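To start, the structure itself, in structure tokens.
No value in this document is a laboratory result; all are computed from the given coordinates. From a predicted model like this one, the values you see are computed outputs, not experimental measurements. Quick reminder, even Gly has a Cβ in these numbers, built from the backbone with ideal geometry, and neighbours come from all protein chains shown.
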Amino acid sequence: MQKLTSKKYLYIGALVVGIFLLAVADGRHYLDTPKSFIITLTQPVTKPIVSAGKSVTNFFSFFGSVGSLSQKNKQLEEDVRNLKSQLASKGELENENSILRQEIGLLPRGQFNLVPAEVLFSDPSNLVQFVLINKGKKNGVSEGMAVLASGILVGRVVEVSGDSSKVLLATDSTSAIPAMIQQTRVPGILKGQIGSSLLMDLIPQGEQIKPGDLVVTSGLGETFPKGILVGEIESVKAQENQPLQQAQVRTLLNFKKLEIVEIVIGVK
């Protein structure tokens, strides 16, 4: 047992001395030539292992970069969506400004005091035709006031709250507007019809009217100011042996696409 212990210590001592001598020899570059020989000899075996290690590292690095690119793509997509939203908002503002410029340019000779308003709601049915606008008593609006778009008659205010109003369209079947032919001053009454059209009634027989003649408000009854453009004669319905005649009137507005209107709050 003692001999085994002595041999064990002898081996350990020899190993320590050997390591020490190798360290000294390496420090003095005595082992450079053997090391170079060993590296050259083992290169065919170690090179694939090192290359495989690098491939594994590059493989995981690739997936890491894919994840990073995916995150960047998501951010870019979000930026694109935000940009489109901003462009849409900008386009809508430019469109509204264009509409407002058009309104200002087409007002009837600047003879009315007007309050611009935005259409909030439009009744899609043909039974009761009206629009809801975002101006009311707080803006000086009251019942009976005329409402225009592009200088053309839209209708009249029939209900008013603090900050909104209901406008009955000229084409509603309950609407009746004193009117006249602009060129000849022939009077009549404009009546709304189902289907967004107008009929000029109570025109004296014998008066010469023809398609294309413009129809404006006459100012009679003081419901609407005088001289507001409403539409143009489309066809004439003359009836023999009748004291009165009728004419179909084409409106000059698309009431389903109204966005901006003006309330006539006074005459200059």
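Listed values for region 198-205 are Karplus-derived 3J(HN,Hα) couplings in whole Hz (6.51 cos²θ - 1.76 cosθ + 1.60, θ = phi - 60°), namely 10, 10, 8, 10, 6, 8, x, 5, and x replaces Gly and Pro.
Here the 3J(HN,Hα) profile of region 155-170, calculated from phi with Karplus coefficients 6.51, -1.76 and 1.60 at θ = phi - 60°, is x, 9, 6, 10, 9, 9, 10, x, 10, 7, 8, 9, 10, 7, 6, 4 Hz, Gly and Pro shown as x. Between residue 71 and residue 161, the contour length at 0.36 nm per residue exceeds the Cα-Cα span by 27.3 nm. Between residue 121 and residue 240, the FRET efficiency from the beta-carbon distance, with R0 = 51 Å, is close to 0.65. Database remark: amide H of residue 198 closer than 5 angstrom to the amide H of 249, 251 (H placed geometrically; neighbours at sequence offset of 5 or more, or on other chains; Pro and chain starts carry no H).
The string of couplings for region 227-233 from the Karplus curve (6.51, -1.76, 1.60, θ = phi - 60°) is x, 7, 5, 10, x, 9, 5 Hz, one whole number per residue in order, with x for Gly and Pro.
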